[in-house]
Every structure is written in C-alpha cells, then in structure tokens.
Amino acid sequence: MPHASLLAGAGTGVTTLLGCLGVAVVTPALVRIDIAERRLPNVLVAVAAGAWGVSTALLAVGGDPAAAATSLLSGVSVAVVGLVAALAGDLGMGDVKLGAVLSGVVSPIGPMAFLVFWGLAGALAVGVAGAGSIRSRRGQSPPPSDPPPTGPPRSDRRPIVRDVPFGPCLLAAFWWVVASHLVDAGFEAVLMAP
C-alpha cells in the first residue's frame, strides 16, 4: 500500500480525532431530536459510525492494530449487550447503535476512558430519570384538602425511565471523556516540556 508509510506516523490520538469529528457533526441534531421525539435517526448515527469506521481503519493501517481491535471489540460488545437490553424493552435501538459507535470511538483512549464513559452515561440517565420523577410527582400530587385516592394504584403511568432520552446522556458522557483526555494530555505536555 503506497500511503501506509504516511499513516505509520499518525498516532492513536489523531485517528481517534477523526471519529470525534464525525460525532461532533451530528451531536447537536441527535440531542435535539432525541429530546423532542425520543428517537435517534439512523442517518445521523450512520455519519458517526462512518467516521468511527474510517478512524478504526486508519488505526489498523497506521500501525496500531491493537487499538483498532480494541475499538472494534468494544463496539461489537456494546452492540450485543445493548441488543439484549433492547429486546428486554429497556433500551431503544437508536441508543444501542449510538452507544456502540461511541464506545468504539472512545475505547482506543484507554480502558478507563471506556469505563468512565459508561459510568457517567448511566449516572446522567439516573439523574435525569430522578429529576423527571420528582417533577411528575409534583404535578400529580393532590392538593392537601383532597382525600387520598382509593382503589388500586393507577397503571396508566409509564415508568419514568422509559421517558429518559438516553442519547444526550451518552453524548454528554462521551464529550466529557474526550475533553478530559484532551485536558490531561495538555497538562502532561506542559509538565514534560523542557
């Protein structure tokens, strides 16, 4: 391959940046649509997936096949686990696809970045669900003068967790990890400068 020598100097950070740029292009639209409609359009997730694919291919060709394998393994693993969660009704398929792509992009940074990404995404979702639950309870509380309801509990309410747009939580966690990594790399460069 004639251009392989050009790619050999490209580090994991540069090729991961390509994946991040693809995610950056679609982040505002994904957040807006998921909050408004509770869906993540395939065409937007595909743009991020395409950027991830290019960055992973560049990792493989550029001399870091271990990082490329980590990226692919992370994305596929998250997709399989997410598919199980989606079949159980706990997660939407758009969330599964986006989670797999973001996992693939962030995993070459390191295993801690991957763990922080998922831990923060989960914590954000729980926080949003908790805030929504509190808000819905305030709106449904009877005035103090009304007698307490009698009979069986109402079953027409959907669980608040199902109303949480998980895409924005995933994207916020992703950008937090990427920004943290950039800040950390900047501090390290400053400290190591002669």
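The values are calculated or read from the model by the stated rules, or taken from the named source; none is laboratory data. All values reported here derive from a predicted model rather than from experimental measurement. Glycine gets a Cβ as well: all are built from the backbone with ideal geometry, and neighbour counts include every protein chain shown. The protein model used for the area step is the full one, side chains on, heavy atoms only, and it has no ligands, DNA or RNA in it. Shrake-Rupley method; radii C 1.70, N 1.55, O 1.52, S 1.80 Å.
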Expected single match for within 21 Å of residue 15 (Cβ to Cβ), in a loop (DSSP other than H, G, I, E, B) and out of contact with any Asp or Glu (no Cβ under 6 Å at 6 or more places or on another chain) among 75, 50, 63 is 63
Of 53, 63, 82, 92, the only residue that is touching a helix residue (DSSP H, G or I) at 6+ places or on another chain (Cβ under 9 Å) and on the phi > 0 side of the Ramachandran plot is 63
Expected output for the stretch 50-77 (first residue more than 17 Å from residue 23 (Cβ to Cβ), partner in a helix (DSSP H, G or I) and polar (S, T, N, Q), Cβ below 6 Å, 6+ apart or cross-chain) is 64/12; 67/12; 68/56; 70/107
Residue hits (the stretch 23-49; of a type in the set (Gly, Ala, Ser) and either more than 15 Å from the chain's Cα centre (by Cα) or at pLDDT below 95 (or both)) are 36
Query raised in the report: Could you say whether any residue in the stretch 131-148 is open to solvent by less than 100 Å² (accessible area, probe 1.4 Å), of a type outside the set (Val, Ile, Thr), modelled with pLDDT of 75 or more and within 25 Å of the chain's Cα centre (by Cα)?
Result: yes
If we ask which residues in the stretch 30-45 are open to solvent by less than 60 Å² (accessible area, probe 1.4 Å) and in a helix (DSSP H, G or I), their number turns out to be 6
For the stretch 149-179, the count of residues that are assigned to a helix (DSSP H, G or I) and either within 18 Å of residue 94 (Cα to Cα) or modelled with pLDDT under 55 (or both) equals 13
Flagged pairs (Cβ under 6 angstrom, 6 or more apart or on separate chains; first in the stretch 86-103, in contact (Cβ under 8 Å) with a residue 24 or more places away in the chain; second of a type in the set (Val, Ile, Thr)) are 97/45; 98/45; 99/78; 100/78; 103/78
query = Quick check, is residue 119 at pLDDT below 95, in a helix (DSSP H, G or I), out of contact with any Asp or Glu (no Cβ under 9 Å at 6 or more places or on another chain) and open to solvent by 10 Å² or more (accessible area, probe 1.4 Å)?
reply = no
